[in-house]
Amino acid sequence: MSRKGSRYCPGRSLVTGASSGIGAEFARALAARGSDLVLVARREDRLKELADELESTYGVRCRTVPWDLSEEASGRRLRSIVPEHIDLVVNNAGFAVQGPFADGDADDFERLVAVDIRAVVDICSAFMPDMITRRSGTVVNVASTTAFQPVPTLAVYAAAKAFVLSFSQSLWYESARHGVRVFALNPGPTHTEFFDVIGDSATATGTYQTPAEVVTTAMTALDAKRSRPQIISGRRNALQAAMVGIVPARVLLPALARMLH
């Protein structure tokens, strides 16, 4: 890892969920800074297309790892495939199940927990010890503004992102004395395939951002000298997250339910 002026320039970065949306934009932003990349996602064709684009445009080296992060021990298996030093890990992969919980499918919920929670923990467990030994490295765990409150019809997803936020905050404190940075990136509604899958009705409030805007927020945080445990993308999203803490749940939850209906 190096810094060119005030710009954060990791030597090698691993990005999950890299085939589209925020993950692909992370890959482009990091490649533009000269980082070699390990791109992880299920869709091999998308990964290869992105890798070809980045190698030809920026002259970086890209390794593609087609992988379903719902499988057990994903982080440990990735570590066995990628034994090299990783300067930056971006845990971006995730998905949601939208609708009343009682109407949902247990298999879908199990896969959501596996990808959105278990894989994040396992990947951190697999890659952070080497960072701590080297006293250098960064982990960005992509959470969501849904992490700041319960969300009816997105119950499991919102709870999973609350876990990612809390987990990242703890790791931020634990790892800081070892020279390793960890923070949660919390996007609000973003124009990605995420909402193509679950529908626009799954977002209650907030102005949509582009993936590039979200990643710009993250890169600004990476460039900063001081590390914060959480970053919220977008001023309006930050204001709404702050207001959640002062609105009673008996008022907040019915309002969210009406908006999401």
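The values are calculated or read from the model by the stated rules, or taken from the named source; none is laboratory data. As the structure is a computational prediction, the values presented were derived from the model and not from experiment. Positions of Cβ are backbone-derived with ideal geometry, glycine not excepted, and every protein chain shown enters the neighbour counts. Just so you know, the surface numbers come from the protein's heavy atoms only, side chains and all, with ligands and any DNA or RNA stripped out. Shrake-Rupley method; radii C 1.70, N 1.55, O 1.52, S 1.80 Å.
Heavy atoms of the protein chains alone define the surface here; on that basis the chain has 47 Å² accessible area per residue at 1.4 Å probe size. Report the trypsin sites (Lys or Arg not before Pro) located in the stretch 135-191 that are in a DSSP loop and have at most 12 other Cβ atoms inside 10 Å of their Cβ, or state none. Here the sparse-neighbourhood loop sites are R135, R177. Counted over the chain, the DSSP beta bridges are approximately 10% antiparallel. With contacts taken as Cα pairs under 8 Å and at least 6 residues apart, the chain reaches a relative contact order of 17 percent. Amide H contacts of V139: V89, R181, V182, F183, each under 5 Å away and 5 or more positions distant or on a separate chain (H built 1.01 Å from N in the peptide plane; Pro and chain starts excluded). With N as its number of residues, the stretch 1-58 has a Cα radius of gyration that, divided by 2.2 N^0.38 Å, comes to 1.08. Over the stretch 1-133, the fraction of Cα-Cα pairs per 5 Å bin, rounded to whole percents and listed from the shortest bin up, is 2, 11, 20, 21, 19, 13, 8, 4, 2, 1, 0. Taking Y208, Y8, Y173 and ordering them by how much accessible surface each has at a 1.4 Å probe, largest first, produces Y173, Y208, Y8. In the chain, which helices (entire DSSP H runs) extend 27 Å or more along their own long axis, judged by Cα positions, while averaging at least 0.5 on the Kyte-Doolittle scale? Result, helices passing both filters: 155-176. Just checking my list [x] 37, 24, 16; [y] 29, 20, 18; [z] 25, 24, 20 against semi-axes √(5λ) of the Cα gyration tensor in Å computed from this structure; which label fits? Computing semi-axes √(5λ) of the Cα gyration tensor in Å and matching it to [x] 37, 24, 16; [y] 29, 20, 18; [z] 25, 24, 20 gives [y].
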